[in-house]
1. Please work out if A:Val112 is at the interface with chain B (Cβ under 7 Å from one of its Cβ atoms), modelled with pLDDT of 95 or more and not in a loop (DSSP other than H, G, I, E, B).
2. Just one of B:Ser176, B:Ser190, B:Ser205 is touching a residue at least 60 places away in the same chain (Cβ under 8 Å), in a helix (DSSP H, G or I) and not assigned by TED's automatic domain parsing to the domain that holds B:Arg45; which is it?
3. Just wondering, is there one or more residues in segment B:146-161 that are buried (at least 24 other Cβ atoms within 10 Å of the Cβ), within 19 Å of A:Phe82 (Cα to Cα), aromatic (Phe, Trp, Tyr) and within 7 Å of chain A (Cβ to nearest Cβ)?
4. Here is a list of conditions, (1) of a type in the set (A, V, I, L, M); (2) outside the structural domain of A:Thr21 (by TED's automatic domain parsing); (3) surrounded by fewer than 18 Cβ atoms within 10 Å (Cβ to Cβ), and A:Ala60 meets all of them except one; can you say which number that is?
5. From A:Thr84, A:Thr38, A:Thr67, which residue is among the hydroxyl-bearing types (Ser, Thr, Tyr) and within 17 Å of B:Gly30 (Cβ to Cβ)?
6. Keeping to segment B:16-34, report how many residues are of a type outside the set (Val, Ile, Thr) and surrounded by fewer than 24 Cβ atoms within 10 Å (Cβ to Cβ).
7. Would segment A:64-71 turn up any residue that is surrounded by 24 or more Cβ atoms within 10 Å (Cβ to Cβ) and within 7 Å of another protein chain (Cβ to nearest Cβ)?
8. Please specify each residue of segment B:132-171 satisfying the condition of being without any contact (Cβ under 8 Å) to a residue 40 or more places away in the chain and among the acidic types (Asp, Glu).
Amino acid sequence: MRTRGGILLANIVTGLALGFTVTSIGFGDYIELSRMFTFQDLRMLLSFGGAVVIIVCVFALLKVRRTPGRIHAGVIPGAVLFGTGWAISGGCPAIPIIQVASGYLPALVTIVGIVVGVRLCRWVRGRYLHIDSGSCEL
Amino acid sequence: MNAYWPWWAGALGLAALTIGYTLATDRSFGVSGAWDRVLHWRREREHEKAEEKFTDERALTAALVEASADHFAALPAEPAPRHQSPVAPVEPSAAADPVVTRRRPAPLVTQAALLISIFLGGLIASLASGRFELRLDMGPGFRDLVTASPVGMIALLFTGGVLVGFGTRLAGGCSSGHGLNGCGRRDPVSIVATATFFGTAVAVSFLLWKVI
């Protein structure tokens, strides 16, 4: 499964499952998301938290290799910017894709914003802001 | 139109796909990382080519080492102790090999496939549930909480998108990379990132509810 074809297949299956699951939970629905962030509705929060608990347990049982990353200088400022953007636009990097797939056409603008932001980050970091942001693996 | 999934179904779904990916590929997946590499495909392609060349060269070196070992082994025997030291250094590099291979990011094509598959998976879900509807707004929640003006909507979606794109890359991951995979591996950097972006989103959302 670790061949190129295996990894391609795993990414296709994971992408389909992720798009399907996240849409079915309701992460693309702005009001559901906002009610989660203000703790008016714990359903989506429990979905996410429950998933993390299951993953932690299964990874511990299967002794999945841990690759502790350094807490680099970009984590806190980056996460604050991301959290703000998520609350305003309703999009973490996968959400606008499934919003468009649900028919919300303005989410295309969010995607354009993400494209600009991602490219801007690499450009700014290379040129002006020599801030460490760890590995680019995730 | 069907209702959204109960919390336990969502938790099982998200957990299953994360665990499945990890077991199948021995890697973590992250949507923001996929965006980053796909959007810089030209440079990433060059990296991959250089990497392939490097792997080829390493294979060539390994073959040469083996061939010369065979050649020298066929020569009249020298005192054994001297022979052992040149052979020994080959062992650790062979042992280190799988580690290097495993830490390489998933190929560029597969990450483009991830993004396209997310779209298709979302499309199947919204069509199957009868929730698919082409519309030019972001729904009543966005209209009431954020803005009702179309120009304001475009401006805020764009700004939000830039913040998401910039922020996730600065933080080195998003809700899938740090949130599901990183937290699942109990990686401290991911736990800090997840707590921070979630806490900020909570604060901003409360502000949005306060303003109306």
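1. So A:Val112 passes the test.
2. Just one listed residue meets the conditions, B:Ser176.
3. no
4. The number of the failed condition is (2).
5. Only one candidate qualifies: A:Thr67.
6. Residues that pass the stated criteria total 6.
7. The answer is no; no qualifying residue exists.
8. Within segment B:132-171, B:Glu133, B:Asp137 qualify.
The values are calculated or read from the model by the stated rules, or taken from the named source; none is laboratory data. Given the structure is predicted, the values throughout are model-derived calculations rather than measurements. Using ideal geometry, Cβ is built from the backbone for each residue, glycine included, and neighbour counts are taken over all protein chains shown.
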